1. Pop the C-beta distance of Ala292 and Leu66 into the FRET formula with R0 = 35 Å and round what comes out to the nearest 0.05.
2. Rank the residues Val242, Val38 as a footprinting-exposure proxy: fewest other Cβ atoms within 10 Å of their Cβ go first.
3. With r defined as the distance between the Cβ atoms of Ser142 and Ala207 and R0 fixed at 30 Å, what FRET efficiency is calculated, to the nearest 0.05?
4. Can you give the convex hull volume per residue for the Cα atoms of the stretch 136-228, as a whole number of Å³?
5. Each residue of the stretch 237-248 in turn: what ³J(HN,Hα) in whole Hz from Karplus with 6.51, -1.76, 1.60 and θ = phi - 60°, glycine and Pro shown as x?
6. Bin all alpha-carbon pair distances of the chain at 20 Å intervals from 0 and give each bin's fraction as a whole percent.
7. Given only helices, namely DSSP H runs of n ≥ 4 each adding -39500 (n - 2.57), what is the per-residue ellipticity at 222 nm of the chain, to the nearest 500 deg cm²/dmol?
8. Exposure proxy check: Tyr175, Tyr299, Tyr185 ranked by fewest other beta carbons within 10 Å?
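What follows draws every value from the coordinates through simple rules; no lab data is involved. Note that this is a predicted model, so its numbers are computed, not measured. Using ideal geometry, Cβ is built from the backbone for each residue, glycine included, and neighbour counts are taken over all protein chains shown.
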Amino acid sequence: MHKMTPDTNRHNILLGCLSALGAQILYGMSFIFTRQAVAISSPLALLGWRFLTAFLAMSLLAVSGLFPVHLKEKSLKPLLALALFCPVIYFSCETLGIQRTTASESGVVIACIPVAALIASAVFLRKKPSLLQAAGILLTLSGVLVTVFSVGVSSSFSIPGYLFLLTAVTSYALYSVSVEKASGYSSAEITSGMLLEGAVVFAALAAFEAFARGNIKELLFLPFTSRDFLIAVLYGGLACSVGAFLFSNIAIARIGVNRNASFAGISTVVSILSGVLVLHERFSAGQVIGAAVIILGVYIANAGKSPD
């Protein structure tokens, strides 16, 4: 086996950190388009079109040779299991949880993903985080909580909603672990598997929902009759599902679950800034403090050497 040199290791860490940062920036901007789309359609319709578009785009990239995918002689079972955690279980449970809880409640629970990923890495990969990583991730979590609570707290007391959100958090943590364990697959192959399963499941669910409501025709023509829906589908499919998934899978492969998890709070910062700049939302002092704490937490988590 080729021995990794210090320069190669530094290059991997830099590429991994940049990929993790890129993924969170793309995720953070997505809420603007999603909010506009779900105002005129169901979440399942958006997810169905999003993943179908993403899979077609990824297939074109694979055929063109930009992101080669070679799965003929490889087992698909690990990829299908990985994709079951994310996007299938994660997006399904996140959507159901958000529908049944308040914005502050869902924000707090989803913010626990980095901590859940840290625990999953220690249990399943036997990789304990360094003190700096643990401190940085906990600091990032506290920054997200400050940001969420600064815009007000309300309670739904929805037990099903809490269970759906906790399942989403757990499934994302297990997805992160599965990516690091899938060392025999390239990031493009992992992403392709995720998008294929997401397209099949969510397109089928969207079609079933539309059939039950008697609006199949509306579902089929929605991207062509609504500009906001089309923009949300293109951004969600191309930027988030293809771009962010690729970045996330590259990051986990290069810097591991623990360091990748430390970047999760960046999406909160980006969502706040995009809301202020694009939607002209209020920017409170609490959000400023929360954003600063998040960035400090990310820096601390990546300041020292990784034990991975």
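1. So the FRET efficiency works out to roughly 0.40.
2. The fewest-first ordering by Cβ neighbours comes to Val38, Val242.
3. Efficiency at R0 = 30 Å is approximately 0.10.
4. It comes to 205 Å³ per residue, whole-number rounded.
5. So the J values, rounded to whole Hz, are x, 7, 6, 7, 6, 8, x, 5, 4, 4, 4, 5.
6. Values per bin, smallest distances first: 32, 60, 8, 0.
7. -24500 deg cm²/dmol
8. Lowest count first: Tyr299, Tyr185, Tyr175.
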